[in-house]
Amino acid sequence: MVTGPIIVGTDGSAQSLQAVEWAAREAVLRDSALRIIAVPALPPLMSRHQPEGTPEAVADVVMGSYERALATAAGRAAELEPGLTAEAYLRSGPPAETLTEAAAGGSMLVVGSRGAGSFSALLLGSVSRYVATHAPGPVVVVREETMAVCREIAVGIGDPGQPTSALRFAFEEASLRKAGLLILHAWHWPVPGSGPMGTLTATERAAVHASQMSSDTAIRLSELVASLQDSYPEVQVSSDVVHGHPARMLAEASARADLVVVGRRPTGASESGTRSVVHALLSHAHGPVAVVPGG
């Protein structure tokens, strides 16, 4: 199990407070501390130290609002989980990069998907996408559409023959939450139109190819599950092989799952494919999404 505090970013918005609530519950599940961080989005060259004669400078107002946001977030966490150890920190710097750096000291980073107001919403949306694809550890992006408890964790798998950090993380979450685990593998490349199936119609070729893909992949998935099941015997696992875009399939699963888990390649690796899936999923998911580096 990953160790270290659960780190959560806040800006005082309703979405970030939902992220704080999610992070507080996660910290209790993992018997971890909670670290709440706020990073004021100050314009370039602006700091809290303004020239004399400007006591109500914009920087002071912004910093003050984030200090109140930290206090509110800490109060919400204490109200929700009274026995939880929580710390609150005000950091300076570019919000996305600063949160990414802060994530190195924890077991995971939790953020909301949007902020309050049009500018904050745009800012937090860009921050959540940046940290999800650059942070050194798992990042959970919390959405407000559904927070109902469904007792199911869903995870997307690219290569059904290769154990990944995302799959291990999903098993761990299912075990902690006493939930079932749904493993999804989606494929969406075009069906070939030549060879022994060349005389079939496009619909017939698709049906034959889909059947072959599903059968072969199901066998590999069952072998993959067996390699990890011994470590989590209490987790009930189901799997599904579907024809469709991975982001769409996972977004649909998010409507009935407590958490959807997806992997990404380490920063610097060839990750254009996984990054596009992550971005699309974060845009269309109905609930919390965990992005885990390492595939």
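Modelled with pLDDT of 95 or more, in contact with a helix residue (DSSP H, G or I) (Cβ under 6 Å, 6 or more places away or on another chain) and small (Gly, Ala, Ser), is that true of Ala179? No, not satisfied.
Scanning the stretch 143-163 for residues that are at pLDDT 95 or above and either in contact with a helix residue (DSSP H, G or I) (Cβ under 6 Å, 6 or more places away or on another chain) or part of a loop (DSSP other than H, G, I, E, B) (or both) yields Ile153, Ala154, Val155.
Filtering Arg151, Arg143 for residues that are of a type in the set (D, E, K, R) and surrounded by 15 or more Cβ atoms within 10 Å (Cβ to Cβ) leaves a single hit, Arg143. Just one residue in the set Gly117, Gly125, Gly112 is at pLDDT below 95, over 16 Å from Val292 (Cβ atoms) and open to solvent by 10 Å² or more (accessible area, probe 1.4 Å); that residue is Gly117.
Would you check if there is a residue in the stretch 228-237 being assigned to a helix (DSSP H, G or I), at pLDDT 85 or above and closer than 24 Å to Leu109 by Cβ? The answer is no; no qualifying residue exists.
Annotation: of all residues in the stretch 6-29 being open to solvent by 20 Å² or more (accessible area, probe 1.4 Å) and not in a helix (DSSP H, G or I), the one that is farthest from Ala73 (Cα to Cα) is Asp11. Going by what's in this entry, would Pro82 be described as more than 26 Å from Val127 (Cα to Cα), over 25 Å from the mean Cα position of the chain (by Cα) and at pLDDT 95 or above? It is true that Pro82 is more than 26 Å from Val127 (Cα to Cα), over 25 Å from the mean Cα position of the chain (by Cα) and at pLDDT 95 or above. Do we have Glu152 as touching a strand residue (DSSP E or B) at 6+ places or on another chain (Cβ under 8 Å) and over 15 Å from Asp240 (Cβ atoms) here? So Glu152 fails the test. Select from the stretch 285-295 the residues that are modelled with pLDDT of 90 or more and not in a strand (DSSP E or B) and list them in ascending order. The answer is Ala285, His286, Gly287, Pro288.
The values are calculated or read from the model by the stated rules, or taken from the named source; none is laboratory data. Source: prediction; values computed, not measured. Cβ coordinates were reconstructed from backbone atoms using ideal geometry, including for glycine residues, and neighbour counts include every protein chain displayed. Surface areas here come from the heavy atoms of the whole protein model, side chains and all, with no ligands, DNA or RNA. Shrake-Rupley method; radii C 1.70, N 1.55, O 1.52, S 1.80 Å.
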